[in-house]
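A short worksheet on the structure shown next.
Values in this text are rule-based calculations from the coordinates and carry no lab data. Quantities reported herein were computed from a predicted structural model and do not represent experimental measurements. Here the Cβ positions follow ideal geometry from the backbone for every residue, glycine too, while neighbour counts run over all protein chains shown.
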Amino acid sequence: MRIALCQINPIIGNLEYNKSKIIDGYKHGIDADADIVIFPELSLVGYPPQDLVEKKEFRDAVTKTANELAAITGNTALLFGAITEDDDLIGTDIHNSAILCFDEKIQFVQHKTLIPNYDVFDEMRYFDPSKEVDIFEFKGEKLGISICEDIWNDADYWYKRRYTRDPVKELLEKGATILLNISASPYAYGKRCARHEMLSLLTKKDNIPLAYVCCVGAQTDLIFDGASMCFDSDGKLIQLGKTYEEDFILFDTSKSKNEIKNCEKSFEEEVLSSLIYGVKDYCDKLGFKKLLIGLSGGMDSALVTYIAVKAIGAENVHVMLMPSKYSSDGSITDSEKLIFNLGISHTNISIQSSVDESMNSLSSSLNDDVKGITEENLQARIRGLYLMAFSNNNNYLLLTTGNKSEVATGYCTLYGDMCGGLAVLADVYKTDIYRIANYINREDEIIPQEIIDKPPSAELRFDQTDQDTLPPYELLDNILRMYLEENKEIEEISAVIGDKKIVSKVLRMVDLSEFKRKQSAPALRVSPKAFGYGRRYPIVQGWRK
């Protein structure tokens with residue numbers, strides 16, 4: 001069978017746009033003499049549609065558009081993802097479905113069986129699971145159609161499974177000869193290799209070919225990397241879609257190809273590509289043409305600026321230098337060197353007069369008792385004020401520059417350096433930021449070495465360094481990984497770290513900073529456990545006082 005995989009980038013809720021993408025891909029498949037053309041999970045509505053599915057007008061429009069797509073089909077089949085409804089009056093009556101069309105009508109619908117409700121997934125809020133799965137006979141083959149999570153429950157791969165049912169096993173027991181999985185699987189580093197390993201085991205064990213099509217694109221914080229996969233019946237990955245861009249793949253199950261061994265690049269290359277794509281797609285879908293960054297002369301803002309340039313071009317990126325009396329000479333000279341290397345525009349405006357005037361005004365009302373932290377936060381907030389004014393006046397999207405280590409511990413100022421519409425590095429630890437910077441500089445020095453070498457500092461008082469407040473980043477990031485991504489607690493982490501006092505301090509900082517994170521910009525997700533929708537933690541709690 002000749003299967004065309006259309007790896008598209010839908011826009012959530014834009015049915016006409018998504019419909020046109022599906023029609024274009026279907027026509028491409030016909031021209032390529034495909035038997036069936038397949039599209040990702042919820043490709044007609046975009047993933048995740050969230051509360052849009054609760055609107056009856058939206059659901060009716062989806063049904064109408066799905067029927068319009070069916071009406072254009074001939075003897076080449078079309079398989080795409082959409083929402084459907086039933087009327088059994090149990091649960092939501094809404095399904096996440098795969099719709100198979102040919103000969104001008106919908107011929108078969110398979111609902112998603114396994115409804116994920118963990119990390120960034122909240123599908124149980126919206127969708128009812130399928131009561132049964134079935135195969136569909138088409139052109140001499142028995143199609144086993146599944147949707148994303150349905151294929152992630154193989155008993156031979158997982159030590160511990162999330163679900164009692166295995167939809168793929170049920171399809172095989174019913175005689176499926178080809179597996180088709182339509183997916184919207186958010187990217188995190190390492191996940192593509194895990195997917196490759198799991199699907200290879202499944203297809204080899206059951207001696208069956210598989211076409212896995214995944215969407216591509218950034219939907220606010222979630223990044224979908226594409227990388228659709230085709231496996232032969234020996235479990236070999238023989239075709240791999242492009243990453244971070246749309247693609248069209250023709251998979252002929254009767255032809256053999258060389259096995260693809262590697263499906264994921266280095267951490268630095270993957271994460272950098274993911275972040276660049278996340279910024280680019282966010283701007284494209286929301287119509288932002290210009291980006292603004294507060295450039296401090298430090299590592300984080302330098303990396304965000306580089307990412308912005310790669311995402312939308314140097315001519316569309318502007319940075320603001322906002323020194324105070326505490327700023328080192330290097331904060332300006334190092335920034336100017338980066339500005340030259342990247343070829344971007346900039347503004348240099350001192351905040352000191354605004355800080356002095358604000359401090360004078362406050363001192364009387366605070367009885368001259370203006371504490372040091374007050375002055376530090378005031379500087380950050382004045383910088384935020386300047387940046388937001390420039391953003392508002394010139395229609396720039398302001399990017400925040402805080403990294404995951406800072407966001408975790410609250411080493412950031414609400415309404416100050418946290419101002420902005422998108423948090424680019426909030427899922428990248430500080431130590432990993434240096435790894436990425438060195439990768440960028442692997443051939444030529446783009447990020448000045450002075451920025452990489454200098455001790456990290458907020459420069460909100462004289463001779464300040466981050467390590468005045470935080471443990472060394474190598475130690476801090478190790479603690480944070482165990483706490484945030486492995487759900488370990490004080491005793492377990494202390495057994496590894498060897499210093500219970502430091503561990504207790506870090507975990508307390510993380511817990512107390514939850515209120516800040518609830519007010520922060522959406523963070524591009526590149527790890528298995530990011531702040532935001534994937535980590536829901538109470539602000540008011542008494543677990544650790």
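Counting only residues 5 or more places away or on other chains, whose amide H sits under 5 Å from the amide H of Asp93 once H atoms are built in the peptide plane?
Those qualifying (amide H under 5 Å, at least 5 residues apart or on another chain) are Asp128.
Size of segment 226-336 along its principal axes in angstrom, Cα-based, largest extent first?
Each principal axis gives a Cα extent; for segment 226-336 these are 70, 29, 16 Å.
Return the percentage of antiparallel bridges among DSSP beta bridges fully within the chain, rounded to the nearest 5 %. Provide the component values of the computation, followed by the final result.
Values: 35 of 64 bridges.
Counting DSSP beta bridges with both partners in the chain, the antiparallel share is about 55 percent.
Taking the 0 to 90 degree range and rounding to the nearest ten, how far is the long axis of helix 15-31 tilted relative to the main principal axis of the chain, both from C-alpha atoms?
50 degrees
Hey, what do the phi angles of segment 132-140 turn into as Karplus ³J(HN,Hα) couplings, whole Hz, using 6.51/-1.76/1.60 and θ = phi - 60°, x for Gly and Pro?
3J(HN,Hα) across segment 132-140, in whole Hz: 8, 10, 8, 8, 9, 7, 8, 6, x.
Indicate, rounded to the nearest 5 percent, the antiparallel portion of the DSSP beta bridges found entirely in segment 2-256. Walk me through the intermediate numbers first.
Numbers: 34 of 50 bridges.
If we restrict to bridges inside segment 2-256, about 70 percent are antiparallel.
Determine one quarter of the surface area of the Cα convex hull of the chain, which equals its mean projected area, and express it in nm² to one decimal. Don't jump to the answer; show the numbers that get you there.
Details: hull surface 111.9 nm².
The Cα convex hull of the chain, projected and averaged over all directions, gives 28.0 nm².
Scan around Gln239 for amide H atoms under 5 Å from its own, H built in the peptide plane at 1.01 Å from N, and keep only partners 5 or more places away or cross-chain.
Cys230
Check Ser185: other-chain or 5+ apart residues with amide H under 5 Å from its amide H, H built from backbone geometry?
Cys215
Can you tell me what share of the DSSP beta bridges in segment 38-117 is antiparallel? A percent to the nearest 5 is fine.
Once the DSSP bridges in segment 38-117 are tallied, antiparallel ones form about 95 percent.
Using Cα pairs under 8 angstrom and six or more residues apart, how large is the relative contact order of the chain, in percent?
11 percent
What ranking do Val407, Val370, Val304 get, fewest neighbouring Cβ atoms within 10 angstrom at the top?
With the sparsest Cβ surroundings first, the list reads Val370, Val407, Val304.
Given the convex hull of the Cα atoms of segment 429-533, what is a quarter of its surface area in nm²? Could the numbers behind the result be given before it?
Details: hull surface 33.9 nm².
For segment 429-533, averaging the hull's shadow over all directions gives 8.5 nm².
Quick check on the exposure proxy: order Trp152, Trp158 from fewest to most C-beta atoms within 10 angstrom.
The fewest-first ordering by Cβ neighbours comes to Trp158, Trp152.
Apply the Karplus parameterisation 6.51 cos²θ - 1.76 cosθ + 1.60, with θ equal to phi minus 60°, to every residue of segment 59-68 and state each ³J(HN,Hα) to the nearest whole Hz, in sequence, with x for glycine and proline.
4, 5, 5, 5, 4, 4, 5, 4, 5, 5
When all C-alpha to C-alpha distances in segment 471-511 are sorted into bins of 5 Å, what percent of pairs does each bin hold, rounded to whole numbers?
6, 28, 45, 21, 1
How high is the relative contact order of segment 471-511? Use alpha-carbon pairs under 8 Å, at least six apart in sequence, and give a whole percent.
Here the relative contact order equals 38 percent.
Which value, to two decimals, describes the C-alpha radius of gyration of segment 165-235 once divided by 2.2 N^0.38 Å?
Taking N as the residue count of segment 165-235, the ratio is 1.18.
Please list, in order along segment 331-341, the HN-Hα scalar couplings obtained from phi with the Karplus expression 6.51 cos²θ - 1.76 cosθ + 1.60 (θ = phi - 60°), rounded to whole Hz, x for Gly and Pro.
5, 8, 5, 5, 5, 5, 5, 5, 4, 5, 4
For segment 198-223 and segment 480-545, compute the distance between their C-alpha centroids and round to whole Å.
Answer, in whole Å: 31.
Arrange the following residues from fewest to most other Cβ atoms within 10 Å of their Cβ: Ile182, Ile72.
Working: Ile182 31, Ile72 14.
Neighbour counts put them in this order, fewest first: Ile72, Ile182.
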